[in-house]
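One structure below.
The values are calculated or read from the model by the stated rules, or taken from the named source; none is laboratory data. Predicted model, so just to flag it, every value in this text is computed and none were measured. When we count neighbours, we look across all protein chains shown, and the Cβ atoms used for this are built from the backbone with ideal geometry, even at glycine.
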Amino acid sequence: MKKIDLKDGEELLSGKVIKVLKGSKDQGWALFMFETETKEKKVVYAVKNIPDLYETYNLVVTKSTKPGNQNNYVLVNFYSKPKEVDREMELYQYLKNTPKVGFVAIDKIKIGYTFKGFFKNVLEGKLFDNDFAIFLSLLQKENIKLVFDENKEKIINLLDETSELNEDLFFFEINKIQNLYIDIKRLFPEVKDVLSHFKTNNPYKLYNDFKLSLQDVDVFGLALGWEKTSFERLEAFMNSSMLKLEENNSTYWDKELLILLITKEANIIENKFIISEFIEHMINKNTLISVENLVCRKQMFDKERMITWWINEIKNKKTLEISKLNNSEIKYLSDRQRKAYYTSLSSNINIITGGPGTGKSNIIKHIYQSFIKSKYKYGKDFIVLTPTGRASSNLTKKHGFISKTIHSFLSIPNEDERVTKDEDEFKDIKCLIIDEFSMVNINIFYLLLSTCRNLSKIILIGDVDQLPAIGPGNLLSDLINSQKFPVSYLYENFRSESSEIIDYIHFINSLGDFSNEIFNTKIYEFISKNLKLNINSLNKDDFKEKIYPKFSDYYGNSLKQKNIEMIIYSDFIKDLSELFMKKVNKYGIDNTIILCPTYRGYYGIDRINREIQNIYNKDSDIIHKYKIGEQEYQFRINDKVIQLVNRYDDNISNGDIGYIHSISKDKSLGREKDIIKVRYEDLSGEKIVSYTKEEFRNEIKLGYAVTIHKYQGSEIECAMFIVHPDHSKMLSKKLVYTAASRAIKKLVLFTKEEKIYSKIFLKEFTNTKEIITNLEWMLKE
């Protein structure tokens, strides 16, 4: 073992991990019990790289400085400690298991040669020499040779005194990237000398091609001697930077912005010129597509091109024959709804868009019924899909048929994964009906179209005014704006109890749109009646900077009626908690939600959930708690919680709301485990889903307050929307529209600023950034 240099305050412990007390490798942290070689037990806290149970290690640790934990340790690094191998005993086992070689022969070998000396002679080809081991018969020697050949590599390792030290592993350990070593050995089992291989082969492909941690790959690459400004390294950071930018929808980004981001991420501020040179190289290499001062990844450009090609192919196919429902079955549809329904049956590519309450899901139900009437099999010939579990659950609850998330349909955990299902499972799908299509990004739509290669029809339904997808693209808007496909617009509201809310979201949608004729009329009335000004005497700047902000506050506040409240708080938590309890008493806990744009900060979801829990559910038993940094998270029986990821085996979706039911002990796996049970509602009634504590921590959060993105695709009787100046940069028009349109009966704006329209909303609404993609112009070609 190479010498481990300790710094001041560091100690070396030798032994093994005997128990994980809290956390896990998957969670990226652990508190474990370590037993030293002298049988002392030490509690050690580790982050990122976690040692395996029962393996022997040398740990470099420091004493904990946390009050109350001074006897515990914090892991600095760990090194595999080679096991002491009894080579003679190991070699003896091979002879013992050799047919026709008994104990008498083995004893003679031990007396004459030692087992190691004997096998060295076998390795050197002396086994069948006339003067070697003359006490062995020819049959015995042949069997020994057979066993040797079958186990040659293992026996040679036992003969090699230096084979204990794994130079590759030690290199990864000294650089604290043990997890990367495990991944590389999994991906490249044929590579024996990992260090030599990646000194001459680009290590940054581990990120580019296999999505391993760029942070770890970069430590690896730099430690091997790759230059900070090598184009191989810069390409990895370029891809990482572009992926981050694409989360904000555009597929084209300003070249200078990309250079700045790479400079920051790769920590090479002093070499900005080299990065500019590198970007030009990527453009010349056709890895980046450049248009004026904008750049797009070629990989993304190709995805948009293929989506365009597939859609045009489908558009030009022979139309499926689908029977229309009888007039009596659709007589209650409005004229626009009926037209949308008929167009969906007759067009290969069709789009239906409308706001909340306009009956979009009702049309989906009738389209579904028409396919069934025409003898198409649901799930085989056609299927209804959604981008989120919550949207899928809502559609299923409303209309009875089982819709699926796109991820579930393709059996992929995320959009970066390849579809591993047999392509024959998708070959009969003729039609996709996709609800909440505004939430579908380019990556997932590309996967969907590349998998379902025999499509003849696509029906896309969504609200073009809602938040776009998280990730690249603005698909619904681009498809509509291309003017290449039939689009049915639904305007009429069919929710009588929420007409005021519908008026309000129309106002939000028009705020800052100076060309909106309906609201311009209202502005003229406001100027004439309230300001006593002559409209013709106003210049454009005065109108936008002085008059319009006053109108926006006046008109927005005039919409506060029975279904819309604005609460101006003085004490954020106290007033919000009291308001929540009041609304729960009226609408019930199932039908009350707090919406907020962010988890973090004094006015964020994490703090709101803790405070609401302490008011609403303070007396229930705590069944689980954990810490992230200094923040403790507690969960109690009956807490309202939200599922964060799709859980396909239990038919539970990302965004589903449930309630903690109980905690129990499970001994079925040989050792006792705590199992937390959460109660959900589905079509069949109540469903109980079981979680280990590790699963619970990774998949569940308190659900009294949730993000607008997480709740998109859902609706609820009472939605309380946090509007705070600290969140102003997040409050885009589409986010505010989406938040307000979740409410069916009551929308509450909770704020400390009465003039939210002029001082918060209007500033952000008029600074909307353009989403730039290829798809619209490609479709128009």
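For the structure I just gave you, tell me whether residue 396 is under 33 Å from the mean Cα position of the chain (by Cα) and assigned to a helix (DSSP H, G or I). Even if it seems obvious, please write down each step before you answer.
Values: under 33 Å from the mean Cα position of the chain (by Cα): yes; assigned to a helix (DSSP H, G or I): yes.
Taking the combined requirement at face value, the residue satisfies it.
Within the stretch 713-731, how many residues are touching a residue at least 40 places away in the same chain (Cβ under 8 Å) and under 18 Å from residue 601 (Cβ atoms)?
Pass one, the stretch 713-731, residues touching a residue at least 40 places away in the same chain (Cβ under 8 Å): 713-722, 724, 726-727, 730-731.
Within this subset, residues satisfying the condition of being under 18 Å from residue 601 (Cβ atoms) are 720-722, 724, 726-727, 730-731.
Of the residues in the stretch 713-731, 8 are touching a residue at least 40 places away in the same chain (Cβ under 8 Å) and under 18 Å from residue 601 (Cβ atoms).
Quick one: how many residues across the stretch 548-574 are free of Cβ contacts under 8 Å to residues at least 24 places away in the same chain and in a helix (DSSP H, G or I)?
Qualifying residue count for the region: 2.
Scan 331, 272 and give me the residue that is surrounded by fewer than 19 Cβ atoms within 10 Å (Cβ to Cβ), among the charged types (D, E, K, R), assigned by TED's automatic domain parsing to the domain that holds residue 372 and out of contact with any Cys (no Cβ under 7 Å at 6 or more places or on another chain).
331
Mind checking which residues of the stretch 110-139 are in contact with a Gly (Cβ under 9 Å, 6 or more places away or on another chain) and assigned to a helix (DSSP H, G or I)?
118
Restricting to the stretch 608-622, name every residue that is closer than 15 Å to residue 700 by Cβ and under 27 Å from the mean Cα position of the chain (by Cα).
Within the stretch 608-622, 609, 610, 613 qualify.
Test of understanding: among 324, 380, 318, which residue is more than 27 Å from residue 499 (Cβ to Cβ), in contact (Cβ under 8 Å) with a residue 24 or more places away in the chain, within 34 Å of the chain's Cα centre (by Cα) and part of a loop (DSSP other than H, G, I, E, B)? I'd like the intermediate steps shown before the answer.
Values: 324 fails: within 34 Å of the chain's Cα centre (by Cα); 318 fails: within 34 Å of the chain's Cα centre (by Cα).
Matching residue, one of 324, 380, 318: 380.
Being outside any helix (DSSP H, G or I) and at pLDDT below 75 is the filter; apply it to the stretch 507-536 and report the residue that is nearest to residue 757 (Cα to Cα).
From the stretch 507-536, those outside any helix (DSSP H, G or I) are 511-516, 532-534; that's our starting set.
Filter once more, so that each one left must be at pLDDT below 75: 514-516, 532-534.
Working: 514: 15, 515: 18, 516: 17, 532: 22, 533: 22, 534: 24 Å.
By that ranking, first place goes to 514.
Answer yes or no: is there a residue in the stretch 623-630 that is of a type in the set (Lys, Arg) and under 29 Å from residue 20 (Cα atoms). Can you show your working first?
Here is the first cut: in the stretch 623-630, the ones of a type in the set (Lys, Arg) are 625, 627.
From what is left, the residues that are under 29 Å from residue 20 (Cα atoms) are 625, 627.
Within the stretch 623-630, one or more residues are of a type in the set (Lys, Arg) and under 29 Å from residue 20 (Cα atoms).
Out of the residues in the stretch 1-60 meeting the condition of being under 27 Å from residue 625 (Cα atoms) and among the small types (Gly, Ala, Ser), tell me which one is surrounded by the most Cβ atoms within 10 Å (Cβ to Cβ).
46
Scan the stretch 299-323 for residues that are closer than 21 Å to residue 239 by Cα and crowded, with 19+ Cβ neighbours inside 10 Å and report the count.
Of the residues in the stretch 299-323, 3 are closer than 21 Å to residue 239 by Cα and crowded, with 19+ Cβ neighbours inside 10 Å.
Can you confirm whether residue 674 is assigned to a loop (DSSP other than H, G, I, E, B), over 24 Å from the mean Cα position of the chain (by Cα) and surrounded by fewer than 18 Cβ atoms within 10 Å (Cβ to Cβ)? Break it down into steps so the answer makes sense when it comes.
Working: assigned to a loop (DSSP other than H, G, I, E, B): no; over 24 Å from the mean Cα position of the chain (by Cα): yes; surrounded by fewer than 18 Cβ atoms within 10 Å (Cβ to Cβ): yes.
No, not satisfied.
Which residue out of 98, 38, 62 is over 34 Å from the mean Cα position of the chain (by Cα), hydroxyl-bearing (Ser, Thr, Tyr), in a strand (DSSP E or B) and at pLDDT 85 or above?
None of the other options fit; the residue is 62.
Just one of 93, 27 is assigned to a loop (DSSP other than H, G, I, E, B) and either modelled with pLDDT under 90 or not aliphatic (A, V, I, L, M) (or both); which is it?
Result: 27 is the single residue among 93, 27 that is assigned to a loop (DSSP other than H, G, I, E, B) and either modelled with pLDDT under 90 or not aliphatic (A, V, I, L, M) (or both).
Here is a list: 361, 328, 334, 346. Which entry is at pLDDT 95 or above and of a type in the set (Ser, Thr, Tyr)?
On inspection, the qualifying residue turns out to be 346.
Taking residue 770 and the conditions (1) in contact with a helix residue (DSSP H, G or I) (Cβ under 9 Å, 6 or more places away or on another chain); (2) modelled with pLDDT under 90, which numbered condition does it fall short on, given that it satisfies the others?
(1)
Only one of (1) crowded, with 16+ Cβ neighbours inside 10 Å; (2) over 30 Å from residue 694 (Cβ atoms) fails for residue 100. Which number is that?
Among (1) crowded, with 16+ Cβ neighbours inside 10 Å; (2) over 30 Å from residue 694 (Cβ atoms), the lone unmet condition for residue 100 is (1).
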